[in-house]
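Sharing a structure here in structure tokens format.
Read-outs throughout are calculated quantities, based only on the coordinates presented, and are distinct from any laboratory measurement. The shown structure was predicted, so the numbers you read here are calculated from the model rather than taken from an experiment. Glycine gets a Cβ as well: all are built from the backbone with ideal geometry, and neighbour counts include every protein chain shown.
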Amino acid sequence: MNPLPILCCGPTPALQRTLRFRNWCAEGDVVRTSEITCSVGGKATNAARAIVCGGGKASILSPASGMNGERMKRLLASEGLEGIWMETAAETRICQTLLDGEGRRIRELVENAPAWQLPEWGEYFAQLERTLHFHSALLLCGSLPEQAPDAAYATMTEMAVKAGKTVVIDAKGPPLKAALPFQPDLIKINREELCGTSGLDDIPDGMRKLMDEGAKAVMVTDGPHDAWLAAGRKIHRFSLPEIEPVNPIGGGDTVTGVTALSWLSGMKLHKAAIEGLGAGMAQTLTSHPAQYEPATARELARKIKAR
């Protein structure tokens, strides 16, 4: 296991409220909650949570502002997750998850991440540059705030590459494409995001296009359907066992975090991808994003068929 933590960067964290409703289909205008829980959401947070759950170390570099930001800090500290915080003028957003009584029907209410002021981006980049030396790798996760420069992830990727750090990106669209010329080590993306980013419907063709543009390897997930990995000249396809998920939120982020952790711990990339997929499936069997039973993850990973 690498002694240095993995740095998970997410410019769009969220204070996450989960509301459970006993009677999802109640008539009338008022539907009362039966349970409310509060946690911290965002792709970087979930990736870090999954890494720690898998026995690794992770830090989160994130804005945390206003009363929502202070509560977010306290919640993460209670989980034992280390945060490196930056104050911005805009309050940390709130996102809400609506669940039925059994947790099987779900609706996400996602508040857009507020824009940053230009000097705040300079401060974030400077904080990243200072922090990189104390970490083994950089994970860039999720969307960017409104009005963010498309080159934000490109700037961070270039910094990490110059510092000799492994770079994994879980993002899509122009921010991802801008980072590709700096040759990130792994792109983790889902099928819909791959098609939108590459402009191609075929998964192998889309992966090759991202690699032609600079990515060293590309991993694609597609919910319960086959996952893919392209690395060098080889393309791996993974058939997943059937499961009955309870909560899919955070599954993809778990795949990202655990794949990166396993790879950095010395595992071959295609084997690390299988470990990540097993953890991602195990997470969907729980009601808590990016938390899973490692024994369940290993059991599911053994059932994945690679071809």
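Of all residues in the stretch 44-76, count the ones that are within 19 Å of LEU4 (Cβ to Cβ) and basic (Lys, Arg).
Qualifying residue count for the region: 2.
For the stretch 72-89, which residues satisfy the criterion of being in contact (Cβ under 8 Å) with a residue 40 or more places away in the chain and farther than 18 Å from PRO289 by Cα?
Once the filter is applied, which keeps residues that are in contact (Cβ under 8 Å) with a residue 40 or more places away in the chain and farther than 18 Å from PRO289 by Cα, the stretch 72-89 yields ILE84, MET86.
Select from the stretch 167-208 the residues that are buried (at least 21 other Cβ atoms within 10 Å of the Cβ), without any contact (Cβ under 8 Å) to a residue 60 or more places away in the chain and not in a helix (DSSP H, G or I) and list them in ascending order.
Matches in the stretch 167-208: VAL167, ILE169, ALA171, PRO184, ASP185, ILE187, ILE189.
Identify, please: which residue in the stretch 251-307 is free of Cβ contacts under 8 Å to residues at least 40 places away in the same chain, under 20 Å from HIS135 (Cα atoms) and of a type in the set (A, V, I, L, M) and is, among those, surrounded by the most Cβ atoms within 10 Å (Cβ to Cβ)?
Step by step, filter the stretch 251-307, then rank; the result is ALA272.
Next question. Is there a residue in the stretch 237-250 that is free of Cβ contacts under 8 Å to residues at least 60 places away in the same chain and over 23 Å from THR97 (Cβ atoms)? Show your work before the answer.
Residues of the stretch 237-250 free of Cβ contacts under 8 Å to residues at least 60 places away in the same chain: 242-245.
Going one step further and asking which of them are over 23 Å from THR97 (Cβ atoms), we end up with 242.
Yes, that holds for at least one residue.
Further question: Please count how many residues of the stretch 225-243 are over 19 Å from ALA50 (Cβ atoms), of a type outside the set (Phe, Trp, Tyr) and not in a loop (DSSP other than H, G, I, E, B).
Summing the residues that are over 19 Å from ALA50 (Cβ atoms), of a type outside the set (Phe, Trp, Tyr) and not in a loop (DSSP other than H, G, I, E, B) in the stretch 225-243 gives 9.
If I ask for residues that are farther than 9 Å from GLY56 by Cβ, touching a helix residue (DSSP H, G or I) at 6+ places or on another chain (Cβ under 7 Å) and either outside any helix (DSSP H, G or I) or not aliphatic (A, V, I, L, M) (or both), which ones from the stretch 244-261 would you list? Give the derivation first.
Initial filter on the stretch 244-261 (farther than 9 Å from GLY56 by Cβ): 244-256, 259.
So of that shortlist, the ones also touching a helix residue (DSSP H, G or I) at 6+ places or on another chain (Cβ under 7 Å) come out as 245-248, 250-256, 259.
The answer is PRO245, VAL246, ASN247, PRO248, GLY250, GLY251, GLY252, ASP253, THR254, THR256, THR259.
If I filter the stretch 272-307 down to residues being of a type in the set (Lys, Arg) and either in a helix (DSSP H, G or I) or over 18 Å from ALA227 (Cα atoms) (or both), which single residue comes out as nearest to the chain's Cα centre (by Cα)? Before the answer, list the steps.
Kept after step one, since they are of a type in the set (Lys, Arg), are these residues of the stretch 272-307: 298, 302-303, 305, 307.
Subset that is either in a helix (DSSP H, G or I) or over 18 Å from ALA227 (Cα atoms) (or both): 298, 302.
Numbers: ARG298: 20, ARG302: 23 Å.
So, considering only residues that are of a type in the set (Lys, Arg) and either in a helix (DSSP H, G or I) or over 18 Å from ALA227 (Cα atoms) (or both), the one nearest to the chain's Cα centre (by Cα) is ARG298.
Also: When the stretch 1-49 is examined, which residues are found to be more than 27 Å from TRP121 (Cα to Cα) and among the small types (Gly, Ala, Ser)? It would help to see each step written out before you state the result.
Kept after step one, since they are more than 27 Å from TRP121 (Cα to Cα), are these residues of the stretch 1-49: 1-3, 17-38.
Answer for the stretch 1-49, where residues must be more than 27 Å from TRP121 (Cα to Cα) and among the small types (Gly, Ala, Ser): ALA26, GLY28, SER34.
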